[in-house]
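Colleague: Pasting a structure here, questions to come.
What follows is calculated from the coordinates using simple rules that are stated; it is not laboratory data. Remember, predicted model here, so these are calculated numbers, not experimental data. Cβ: placed from backbone, ideal geometry, glycine included. Neighbour counts: every protein chain shown.
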Amino acid sequence: MDIAGIKNIMCEIPMFDNIKQSDVTVLASKLEHRRYPANAMIAKEGSPGDSVLFITRGKVEIRKESLDGKYSVLAQHGKGKSVGEMALVRGEATPRGASIVAIEPTEALFLSRNNFEILIEKNPSIVIQILRNIASTISDRLDHLGSRYADNQR
């Protein structure tokens, strides 16, 4: 997919809402469009956290494995959501805390850690807005988990 196509898709992803129009093309040039079939393992728990995905179509599950090899579904995310944000926040090659699995045919925009670091060096204003949006996303997820935990304690 070319940059114009990626820019069109970016309009549908809330994580990019506050990116200045003049920066959209720069960011689009650092994103890669990827397709995953249903049941594809996008990222395995424990593998290096080296990217974030912005889902443009389909749905993924976030899965945590137990010691006996079974897994629990922590969350499901669909169009407009991001997954793997901690890979950018935590630092170099931090292991993923959970697996990401496509549960239906899925498409996503992929931002690698390498391209993120290029943005840090050359376009820090874009990175600042992305990090603000990631912080907001993580905060919302923590609030949701806190509410679920409180409900389970009652």
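Colleague: Please state which of the following conditions V73 fails to meet, knowing it meets all the rest: (1) touching a Lys or Arg at 6+ places or on another chain (Cβ under 9 Å); (2) surrounded by 15 or more Cβ atoms within 10 Å (Cβ to Cβ); (3) without any contact (Cβ under 8 Å) to a residue 40 or more places away in the chain.
Modeller: It fails just one condition, (2).
Colleague: Just the residues that are surrounded by 11 or more Cβ atoms within 10 Å (Cβ to Cβ) and under 17 Å from the mean Cα position of the chain (by Cα), please, taken from the stretch 8-19.
Modeller: Initial filter on the stretch 8-19 (surrounded by 11 or more Cβ atoms within 10 Å (Cβ to Cβ)): 8-10, 12-16, 18-19.
Listed by number, the residues that qualify are I9, M10, E12, I13, P14, M15, F16, N18, I19.
Matching residues to (1) of a type in the set (K, R); (2) surrounded by 12 or more Cβ atoms within 10 Å (Cβ to Cβ); (3) within 29 Å of H33 (Cα to Cα):
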| site | (1), (2), (3) |
| --- | --- |
| L111 | no, yes, yes |
| I118 | no, yes, yes |
| P124 | no, no, yes |
| L131 | no, yes, yes |
| A135 | no, yes, yes |
| S139 | no, no, yes |
| L142 | no, no, yes |
| G146 | no, no, no |
| Q153 | no, no, no |
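Colleague: Return the pairs, sorted by first residue and then second, in which the second residue is of a type in the set (G, A, S), the first residue lies in the stretch 81-107 and is more than 19 Å from K64 (Cα to Cα), the beta carbons are less than 7 Å apart, and the residues are 6+ apart or on different chains.
Modeller: Listed by first residue and then by second, the contacts come to P105/A38; P105/G58; T106/G58; E107/G58.
Colleague: Given the stretch 7-65, what strands (runs of 3 or more DSSP E) lie entirely inside it while holding 1 or more residues that are among the aromatic types (F, W, Y) and under 20 Å from I128 (Cβ atoms)? Talk me through it step by step, then tell me what you get.
Modeller: Numbers: elements: 32-36, 41-43, 51-57, 59-65.
Answer list for the stretch 7-65: 51-57.
Colleague: Same structure again: What pairs come up if the first residue lies in the stretch 36-56 and is in contact (Cβ under 8 Å) with a residue 24 or more places away in the chain and charged (D, E, K, R), the second is crowded, with 16+ Cβ neighbours inside 10 Å and outside any loop (DSSP other than H, G, I, E, B), and their beta carbons are under 7 Å apart, counting only those six or more places apart or on different chains?
Modeller: Sorted first by the residue in the stretch 36-56, then by its partner, the pairs are K44/S99; E45/S99; D50/A87; D50/S112; D50/R113.
Colleague: If you go through the stretch 68-87 one residue at a time, do you hit one that is of a type in the set (S, T, Y) and under 10 Å from the mean Cα position of the chain (by Cα)? Before the answer, list the steps.
Modeller: Initial filter on the stretch 68-87 (of a type in the set (S, T, Y)): 71-72, 82.
Going one step further and asking which of them are under 10 Å from the mean Cα position of the chain (by Cα), we end up with 82.
There is at least one residue in the stretch 68-87 that is of a type in the set (S, T, Y) and under 10 Å from the mean Cα position of the chain (by Cα).
Colleague: Could you grab the pairs with beta carbons closer than 7 Å, sequence gap of 6+ or different chains, first residue in the stretch 126-154 and closer than 30 Å to L27 by Cβ, second one of a type in the set (V, I, T) and outside any helix (DSSP H, G or I)?
Modeller: Correct list of pairs: I126/I19; Q129/I19.
Colleague: Identify, from the list A102, A108, the residue that is of a type in the set (A, V, I, L, M), within 12 Å of the chain's Cα centre (by Cα) and under 25 Å from M1 (Cβ atoms). Give the steps one after another, and end with the answer.
Modeller: Details: A102 fails: within 12 Å of the chain's Cα centre (by Cα).
After applying the criteria, what remains is A108.
Colleague: Specify which of the listed residues (A98, A102) is under 19 Å from S47 (Cβ atoms), buried (at least 17 other Cβ atoms within 10 Å of the Cβ) and in contact with a Gly (Cβ under 9 Å, 6 or more places away or on another chain). Show your work before the answer.
Modeller: Values: A98 fails: in contact with a Gly (Cβ under 9 Å, 6 or more places away or on another chain).
So the residue among A98, A102 that is under 19 Å from S47 (Cβ atoms), buried (at least 17 other Cβ atoms within 10 Å of the Cβ) and in contact with a Gly (Cβ under 9 Å, 6 or more places away or on another chain) is A102.
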